[in-house]
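Working notes, structure below.
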Amino acid sequence: MIRFVLFLVFVWVGLTGEVSLGNLAFSVALAVFVLFLARPLGPRPVFAHVRPLKALRFLLYVTSEIVVANFRVAAAVLGPRSLLRPAIVAIPLELTRDDEIALLATIINLTPGTLSLDVSPDRKVLYVHSMFTKSPESLRDSIKNGFERGIREALG
């Protein structure tokens, strides 16, 4: 639990940009409160095996992908419509836990130009809509080797 509190304090101080005794005390209290609200309700804690350094690297990767996607969508909106190649693609999943699949779907939804549509009843396929689909294989490869692999590494 202390590891999570320290991680959340680090994130809070990074976001606020203020290193003061008051801000540190507030961030510790906030982190403990957030972790209390997010305590496991079932037999297995959600995201129990987070690898902090890999999670941070994955967070930076996701952030960079979101920034690049924002510019790509802006260029498509302001530029010629020929850049758009919408498609719905089935992405086979290696992730098996509901929390991991939900995290993947959320990250895809946060990335401009992509949208998670549905998960198959057996939780082995995620259906994704993309505005810029060069080919279904390239989208699958991008999601599997980017987001899905990052989640597997960070949450081990």
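Where a number appears in this text, it was derived from the coordinates with a stated rule and is not lab data. What you see is a predicted model, and the numbers here were worked out from it, not measured in a lab. Using ideal geometry, Cβ is built from the backbone for each residue, glycine included, and neighbour counts are taken over all protein chains shown.
A crude spin-label estimate for the pair Phe33 and Ser20, with each label 7 Å from Cα along the Cβ direction, gives 1.8 nm. Cα centroids of region 130-144 and region 57-114: 10 Å apart.
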